[in-house]
Every structure is written in structure tokens, then in C-alpha cells.
1. Hey, among the residues in segment 59-96 that are touching a Leu at 6+ places or on another chain (Cβ under 9 Å) and among the hydroxyl-bearing types (Ser, Thr, Tyr), which one's nearest to residue 49 (Cα to Cα)?
2. Would you please name the residue that is surrounded by the fewest Cβ atoms within 10 Å (Cβ to Cβ), looking only at residues in segment 141-171 that are under 17 Å from residue 112 (Cβ atoms) and of a type in the set (Val, Ile, Thr)?
3. Would you check if residue 102 is in contact with an Asp or Glu (Cβ under 7 Å, 6 or more places away or on another chain), in contact (Cβ under 8 Å) with a residue 40 or more places away in the chain and among the hydroxyl-bearing types (Ser, Thr, Tyr)?
4. Does residue 128 satisfy the condition of being among the aliphatic types (A, V, I, L, M) and assigned to a strand (DSSP E or B)?
5. Working carefully through the options 138, 109, find the one that is closer than 27 Å to residue 75 by Cβ and surrounded by 11 or more Cβ atoms within 10 Å (Cβ to Cβ).
6. List pairs: first in segment 146-167 and more than 30 Å from residue 121 (Cβ to Cβ), second of a type in the set (D, E, K, R) and assigned to a loop (DSSP other than H, G, I, E, B), Cβ under 8 Å, 6+ apart or cross-chain?
7. Could you tell me whether any residue of segment 82-103 is within 19 Å of residue 69 (Cα to Cα) and of a type in the set (Ser, Thr, Tyr)?
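The values are calculated or read from the model by the stated rules, or taken from the named source; none is laboratory data. Here the structure is a predicted model, which is why all the values come from computation and not from measurement. Quick reminder, even Gly has a Cβ in these numbers, built from the backbone with ideal geometry, and neighbours come from all protein chains shown.
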Amino acid sequence: MGFGHGHELREHQGRSRAAHPAGAPPHRLSGSSAGWHRRQRTLGGYLAALQEAGIEPDQSVIEHDLVTEDDATRATEQILSQGDVDALMIDNNQLCTGVLQSPTYARRRPETLSFDNFALAPQFGITVIDSNPYEMGRTGAQLLFERLAERSRPPQHVRVPASLMVNDDPIY
């Protein structure tokens with residue numbers, strides 16, 4: 001998963017300079033590599049979307065290691081102070097909430113693409129990649145129970161499709 005639909009932001013909205021306020025990968029000592037790999041795929045998807053659109057990545061508009069809403073607010077202020085950023089691609093809902101708290105974001109309202117759907121996305125005009133967490137959980141539980149019932153069963157890699165939900169008619 002990642003910003004596999006990132007190119008659609010350019011095609012749909014005609015944007016040419018998209019910034020990426022990015023979350024921090026989980027600590028390597030935590031024992032979980034899933035978050036680390038998701039973070040790498042998200043960044044890879046962002047960079048691939050730029051490449052596909054013929055846009056050279058600009059490291060000055062890619063912010064890494066954001067954890068809190070305050071981190072995202074500060075990063076958004078810094079990114080948007082550059083003046084010509086016309087879109088944001090955001091890692092997750094928590095960071096998106098921080099972006100929404102940026103005074104510069106409120107004034108400029110660049111096109112915004114966020115990973116994972118949330119209730120207020122349509123009201124704020126935020127396009128989201130809906131990863132369907134219910135289906136991910138259901139599929140994961142099904143695979144777990146099948147594996148518990150048949151311990152010799154090999155691990156499986158299953159992709160749950162995501163969908164792009166364009167919300168381009170904000171009320172705020």
C-alpha cells in the first residue's frame with residue numbers, strides 16, 4: 001500500500017509541486033517491521049507518482065520523522081512558506097489533523113491527499129486513499145484462523161484493494 005494513486009492527484013487536479021509531510025518509521029527495536037515497510041512504500045509511491053508525472057522530487061518539500069499533530073503543523077508551515085507548493089500528500093490521519101491546524105494551510109488550501117479515510121475528509125475537501133481497514137482486519141483474522149487450524153500451512157501475502165475517494169467540494 002502507499003500512494004499508488006498519487007499520479008491521479010496530478011491528473012485530476014493538474015498539480016505540479018506536491019509536498020510530502022511524512023510520518024516516522026517505527027523504532028527498529030520494537031520488533032515490528034510492518035510499519036517500517038509501509039512507510040517505505042508510502043514514500044516510494046509518492047516518488048513514483050512524481051516521476052510518472054514528470055516532476056523532479058524536491059527534498060525541501062519532503063519532511064520526514066513527523067510523529068505528532070504539532071510536528072505536522074510545524075512542517076506544513078515550513079513547507080507552505082516556500083510559496084509554490086500546490087499539493088500535499090500526507091501519510092496518515094493524525095498528521096492530516098496537524099496539517100489542518102496550520103494557519104497557512106487554512107489560508108492557501110492546497111490540494112490534499114491523505115492515506116486512510118476519515119469522517120471529515122469530504123467537508124475539508126481532502127481526497128483520501130481508503131485502505132478499507134475493516135476488510136484488512138477481516139482478511140487478517142481469517143488467515144490467522146486458517147493458519148492456526150493447519151500449522152503447516154505456508155504464510156500468505158494478501159493485498160486488500162484500496163480506493164481513491166476524491167473530495168473536491170469542501171464546505172469549510
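1. 76
2. Among those that are under 17 Å from residue 112 (Cβ atoms) and of a type in the set (Val, Ile, Thr), it is 171.
3. Details: in contact with an Asp or Glu (Cβ under 7 Å, 6 or more places away or on another chain): yes; in contact (Cβ under 8 Å) with a residue 40 or more places away in the chain: no; among the hydroxyl-bearing types (Ser, Thr, Tyr): yes.
It is false that residue 102 is in contact with an Asp or Glu (Cβ under 7 Å, 6 or more places away or on another chain), in contact (Cβ under 8 Å) with a residue 40 or more places away in the chain and among the hydroxyl-bearing types (Ser, Thr, Tyr).
4. yes
5. Working: 138 fails: closer than 27 Å to residue 75 by Cβ.
Going through 138, 109 in turn, the sole match is 109.
6. Filtered contacts from segment 146-167: 146/153; 147/153.
7. Taking every residue of segment 82-103 in turn, at least one turns out to be within 19 Å of residue 69 (Cα to Cα) and of a type in the set (Ser, Thr, Tyr).
Condition check ((1) touching a Gly at 6+ places or on another chain (Cβ under 8 Å); (2) in a helix (DSSP H, G or I); (3) under 16 Å from residue 46 (Cα atoms)) across all residues:
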residue: 63; (1), (2), (3): no, no, yes
residue: 72; (1), (2), (3): yes, yes, no
residue: 77; (1), (2), (3): no, yes, no
residue: 105; (1), (2), (3): no, yes, no
residue: 112; (1), (2), (3): yes, no, yes
